[in-house]
Amino acid sequence: MVDLSVPSAARMYDWLLGGNNNFEVDQEACELLLEVAPTSREIALNNRWFLQRVVQVLAREHGIRQFIDFGSGLPTQRNVHQIAQEVDPGARVVYIDNDPVVLALGQSLLDENDNTTILPFDMTDTDGIFAHTDLQRLIDFTEPVAALFVSVLHCLPDSAGPKQLVERVVSRLAPGSFVVVCQLVSDDPRVRHDVTELMRQQTHDNWGRVREKADVEEIFENLIVEEPGLVDVTDWRPDSEIQQRQRSIEWTEYGGLGRIPNPR
């Protein structure tokens, strides 16, 4: 059952991207967010473009044909499976989300694509996700996989262990697999506090927090970070000067691409 009186982070993101899968309550929450962080729309667009670029790099340059997208959010244009399957129609993608609207819309779009599915899980339920028959059907864990945590870890409170979540997933993937992580960070303590409090109040949820760059860097400690390193995602292999100029100011999406090394 969808509670339409409470904003959803996924639907707020959809509104910031110019989507239609949101409600008035989500729009009102976004207007409040824009008062605190006026470049929130830019940060949403920059993040989406980063996702599209990194999936293309993984598929074209690294030959990845298996993707697990944790906390995938509402489907929009140029989704992970569309980009990966442009490179190889046999590429397989599993989306993970527990938002009822995301699940309903996602499933309706994916019903005709045998190489793609969406699983109804909280992304922290690693055991449940990896035991699911659809995941086991689509993903061969003896081969490299790309695990995506794009703009979702800030939704997790520290008590949920975002770093530990990534470590649990990494422990189940073959060497040579990749992990994509970016999350909201700010050097401004006021922005970190105000946005965090607003999101917790609006979503009535134990939302995480806007973190610092060092928090993201800790997640990559045991991974080999691919060029250009950990950066504002606007600067991660940009393919458009227009996109690169459209920057967020108060906060950024910070992260990059890490490779799981071979065991010593």
Positions within the range 140-176 being out of contact with any Phe, Trp or Tyr (no Cβ under 9 Å at 6 or more places or on another chain) and either part of a loop (DSSP other than H, G, I, E, B) or among the aromatic types (Phe, Trp, Tyr) (or both), in sequence order: Asp140, Thr142, Glu143, Gly161, Ser171, Pro175, Gly176
Single match in Gln77, Gln85, Gln66 (criterion: out of contact with any helix residue (DSSP H, G or I) (no Cβ under 7 Å at 6 or more places or on another chain), polar (S, T, N, Q) and either surrounded by fewer than 19 Cβ atoms within 10 Å (Cβ to Cβ) or without any contact (Cβ under 8 Å) to a residue 12 or more places away in the chain (or both)): Gln77
Can you name the number of the only condition in (1) more than 16 Å from Ile260 (Cβ to Cβ); (2) over 16 Å from the mean Cα position of the chain (by Cα); (3) surrounded by 19 or more Cβ atoms within 10 Å (Cβ to Cβ) that Val210 fails? (2)
Where in the range 1-105 are there helices (runs of 4 or more DSSP H), lying wholly inside it, with at least 2 residues that are out of contact with any Phe, Trp or Tyr (no Cβ under 7 Å at 6 or more places or on another chain), under 29 Å from Arg237 (Cβ atoms) and aromatic (Phe, Trp, Tyr)? 9-16
How many residues does the range 2-29 hold that are free of Cβ contacts under 8 Å to residues at least 24 places away in the same chain and surrounded by fewer than 21 Cβ atoms within 10 Å (Cβ to Cβ)? 10
Residue under question is Leu148, and the condition is that it be in contact (Cβ under 8 Å) with a residue 40 or more places away in the chain and under 23 Å from Gly18 (Cα atoms); does it hold? yes
Among the candidates Val6, Val25, Val93, Val36, residue that is touching a His at 6+ places or on another chain (Cβ under 8 Å), more than 30 Å from Phe141 (Cα to Cα) and of a type outside the set (Asp, Glu): Val6
Look through Asp140, Asp188, Asp134 and report the one residue that is touching a residue at least 40 places away in the same chain (Cβ under 8 Å), out of contact with any Leu (no Cβ under 9 Å at 6 or more places or on another chain), charged (D, E, K, R) and over 26 Å from Asn262 (Cα atoms). Asp188
Within the range 81-113, the count of residues that are among the acidic types (Asp, Glu), touching a Gly at 6+ places or on another chain (Cβ under 8 Å) and closer than 18 Å to Thr133 by Cα comes to 1
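The rows are residues; the columns are (1) under 19 Å from Val54 (Cα atoms); (2) of a type outside the set (D, E, K, R); (3) surrounded by 17 or more Cβ atoms within 10 Å (Cβ to Cβ); (4) modelled with pLDDT of 95 or more.
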{"site": "Ile129", "(1), (2), (3), (4)": "no, yes, yes, yes"}
{"site": "His132", "(1), (2), (3), (4)": "no, yes, yes, yes"}
{"site": "Asp140", "(1), (2), (3), (4)": "no, no, no, yes"}
{"site": "Pro144", "(1), (2), (3), (4)": "yes, yes, yes, yes"}
{"site": "Phe149", "(1), (2), (3), (4)": "yes, yes, yes, yes"}
{"site": "Pro162", "(1), (2), (3), (4)": "no, yes, yes, yes"}
{"site": "Arg168", "(1), (2), (3), (4)": "no, no, no, yes"}
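The values are calculated or read from the model by the stated rules, or taken from the named source; none is laboratory data. Keep in mind that what you see is a predicted model, and the values were worked out from it rather than measured. Cβ sites come from the backbone with ideal geometry, for glycine too, and all protein chains shown count toward neighbours.
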